[in-house]
Amino acid sequence: MSDVSYIRRPNRVLTVYAYIFLIVLYLPVLSIPLFAFNDSIYVRFPLQGFTTQWFVQLWERESLWDALGNSLRVGFFVAALSTALGVLAARAITRTRLPGQSAIVAFVMLPIVMPGIIFGVALLVLLSRIGIPLSLYTVTLGHMIVCLPFAIATLLPRFEGFDKSMEEASADLGENGWFTFWRVTFPIVLPGIVASLLLTFTISFDEVIMAFFLTGTEPTLPMYIWSQLRFPREFPSVLALSTIILFVSFIMVFAALYIGRMGLQKNDR
Amino acid sequence: MTPSESYISIRNVGKKFGDFEAIESISMDIREGEFFSLLGASGCGKTTLLRMLAGFETPTRGDILIDGQQMNDVPPFERPVNMVFQSYAIFPHMNVRDNIGYGLRRLKLPRAKRNDMIDEMLELVQLQGYGDRRSDALSGGQRQRIALARALILKPKVLLLDEPLGALDKRLREQMQVELRRLQRSVGITFVFVTHDQEEALTLSDRIAVMSGGKVLQVDTPDGLYERPRTREVAGFIGSMNFIEGKVLSRVNGHATLGLSAFGEIQVDAKQIGFVEGEAVPLAIRPEKIELLKEPSEGAVPGSLELKSYHGERSYFQVRVDGCDDLVSVSTQNAGRAKLRALEEGAAVWLKWRDDAFIVLDKN
Ligand SMILES: Nc1ncnc2c1ncn2[C@@H]1O[C@H](COP(=O)(O)OP(=O)(O)O)[C@@H](O)[C@H]1O
Ligand SMILES: [Mg+2]
């Protein structure tokens, strides 16, 4: 144990705390898959028996598939656009000396802590003043605002982590800016880009507040679920749907974190 | 002047970062095929000058010509120079071969030709068999060789090297110095080499530019710098040196007699001296050019031994001379001089020199 530093020594109190924290956090969430397989339209104990009928019901619901399609489309666009803009922003932040740089970065990151409702209302007011009708495009716009800071936060460490002389070496060896980006910068930051795509897609896919203000006639999946909550008979299939979303989100976020860290530890050596 | 005398021509080049003048105004010529070093303490502007040659920094004034071609508006990727970076900047996502062949893409060579060139380079830098290794799993020395091969494969007119040996440990550094010199001879490319290590510069270079505070103090061959430093700064930077002030006593024909107070008088060639009688003259003398005696002798100056230190092949003696504030440093070779080494600290000694061992420095 002597080779383990003081700060790294296992700490029982902290470990117990971490477990309690996780249980309190995820126990309510776990009740969703639990009741999704329960053979009753009422969400209450005792459980009535195992069924997959709510999942089967989902399958037959046309409007749900439309909503899913909407969410996927918005998600893809948001992920691609905010990651692309995030790459440009992260590059600009790490590669150039801007006056007032830290203030700019702070402003870019602000939407992470600003209540979404403020941006939602602000955008709604703005759009209606200019006369742009609400649609999936406006939802996409709202999601971009939410996702961009996350994209930048994911990409910044990748850009900060690699030596600027890498790009200079490429230029020195005869490649112009474009080929330098494709042959050196892009491959090195690729894990960050993949992580950012996964993360922003997941955020957009789950997002409710912006969608609430900015959705036109075509609902995203969370909006659809929201609308279904009014009908008690539909509730179990909402749970079934939530179970699926929960599962997929988990996988995507973990994948994003894992890929985002890939290679970073290697560079630390 | 033949064109090769001024292969790289640096004319009144200056560089400012905001208000800070990193390079003041440098003019010098670098010859074709020579091993040229920029030597100076950290922060004196060596990297900045090198980066201006590579095209990563634009001079705020002056011109740079390479092989007669004006470089000021040529971007780095179009310059006939290549650089070995201080950090080596090996691409981590490529193996050794792909790193070395990186610059060949634009040449659109057939695959076989390309592979031949890479093999040739692997051999040149003695990395045969390492071609398929991941480049991020290599030692410092190996990464440095890749950086060299990657630059040399493009047959640049000039190779720029920014303290390439700085990150290596002492033994490896000495080994790489020999190899670098061999490499430069065999490829015949002009090398511009940055270092803060005077010994390294002296061993490797054909010529050296000594830099300080954004200026070039002197450009000369290694022995020129050592034997004929022009200023006190250069003299003190390379090797160790005693500085003494002299006064012009008289000038007769080609000769001037200088009075050195406690050290008597010396005769020097008056051509080196543009000054008039009574003027002060800064002088310097190397410790190994002073003879240390145990007995008085004709013309020898008496003193007492304050300190002695043993440095293997040489010994250093610090001698106090009456009427002189600074200790005089004397060094002797340790071949068969056991007599001198046996001297006790505090012993009476005598110092002797040839008049022409004194270097007359520029006044500044
Ligand atoms: N991009 C830059 N911006 C501002 N100052 C710089 C920049 N690059 C170098 N300098 C300054 O210029 C001086 C010379 O730097 P450099 O050429 O790197 O010195 P050396 O390589 O001799 O150690 C240093 O004082 C350094 O701080
Ligand atoms: Mg430097």
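The values are calculated or read from the model by the stated rules, or taken from the named source; none is laboratory data. Treat the numbers as computed from the prediction; the structure is a model and nothing was measured. Glycine gets a Cβ as well: all are built from the backbone with ideal geometry, and neighbour counts include every protein chain shown. Just so you know, the surface numbers come from the protein's heavy atoms only, side chains and all, with ligands and any DNA or RNA stripped out. Shrake-Rupley method; radii C 1.70, N 1.55, O 1.52, S 1.80 Å.
Listed values, structure above:
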{"read-out": "Spread of Cα-to-Cα distances over 10 Å intervals beginning at zero, given as percent, for chain B", "value": "5, 20, 24, 21, 16, 10, 4, 1"}
{"read-out": "Angle between chain A longest axis and helix A:116-130 axis [Cα atoms, degrees, rounded to 10]", "value": "90"}
{"read-out": "Most mobile of A:N38, A:N11, A:N70 in a GNM of chain A (Cα contacts under 10 Å)", "value": "A:N11"}
{"read-out": "Nearest-ten-degree value, helix B:140-152 long axis tilted from longest Cα axis of chain B", "value": "70"}
{"read-out": "Charge context of B:S261, other residues only, Cβ under 13 angstrom, K/R +1, D/E -1", "value": "-4"}
{"read-out": "Reachable aspartates and glutamates, given that their alpha-carbon falls under 17 Å from the alpha-carbon of B:K16 and they are not under 8 places away in the same chain", "value": "B:E24, B:E57, B:D63"}
{"read-out": "Computed label-point distance, nm, for sites B:E298 and B:D132 using a 7 Å Cα→Cβ extension", "value": "7.9"}
{"read-out": "The protein assembly as shown, accessible surface, carbon-and-sulfur percent (1.4 angstrom probe)", "value": "59"}
{"read-out": "³J(HN,Hα) computed for each position of the stretch B:119-129 - Karplus, 6.51 cos²θ - 1.76 cosθ + 1.60, integer Hz, glycine/proline x", "value": "4, 4, 5, 4, 6, 4, 9, 6, 10, 4, x"}
{"read-out": "Which listed pairs, of B:K215/B:K247; B:K215/B:K289; B:K157/B:K363, have C-alpha distances above 32 Å, in listed order", "value": "B:K157/B:K363"}
{"read-out": "Neighbouring partner chain Cβ atoms per residue of B:86-96, average, 10 Å criterion", "value": "5"}
{"read-out": "Solvent-accessible area per residue, Å², over chain A with all protein chains present [probe radius 1.4 Å]", "value": "59"}
{"read-out": "Centroid-to-centroid separation of the stretch A:210-243 and the stretch A:163-202 [C-alpha atoms, Å]", "value": "40"}
{"read-out": "Whole-number Å³ per residue for the convex hull built on Cα positions in the stretch B:173-227", "value": "83"}
{"read-out": "Protein-protein interface of the stretch B:146-193, residues with accessible area decrease of at least 20 Å², isolated chain reference, 1.4 Å probe", "value": "B:R150"}
{"read-out": "Ellipsoid semi-axes in whole angstrom, largest first, where each is sqrt(5λ) of the Cα gyration tensor of the stretch B:1-147", "value": "32, 19, 14"}
{"read-out": "Debye-sum result for the stretch A:54-268 in log10 I(q)/I(0), which assumes one identical scatterer on each alpha carbon, at q = 0.16, 0.17 Å⁻¹", "value": "-1.09, -1.17"}
{"read-out": "Per-selection Rg to Rh, the protein assembly as shown - Cα, Kirkwood hydrodynamic radius", "value": "1.17"}
{"read-out": "Label-point separation in nm, A:V13 to B:S186, each point 7 Å along Cα→Cβ", "value": "6.5"}
{"read-out": "Ranked by how many other beta carbons lie within 10 Å on average, peptides A:188-201, B:121-134 from highest", "value": "A:188-201, B:121-134"}
{"read-out": "Residues whose placed amide H lies under 5 Å from that of B:T60, excluding near-sequence neighbours", "value": "B:G14, B:K15, B:K16"}
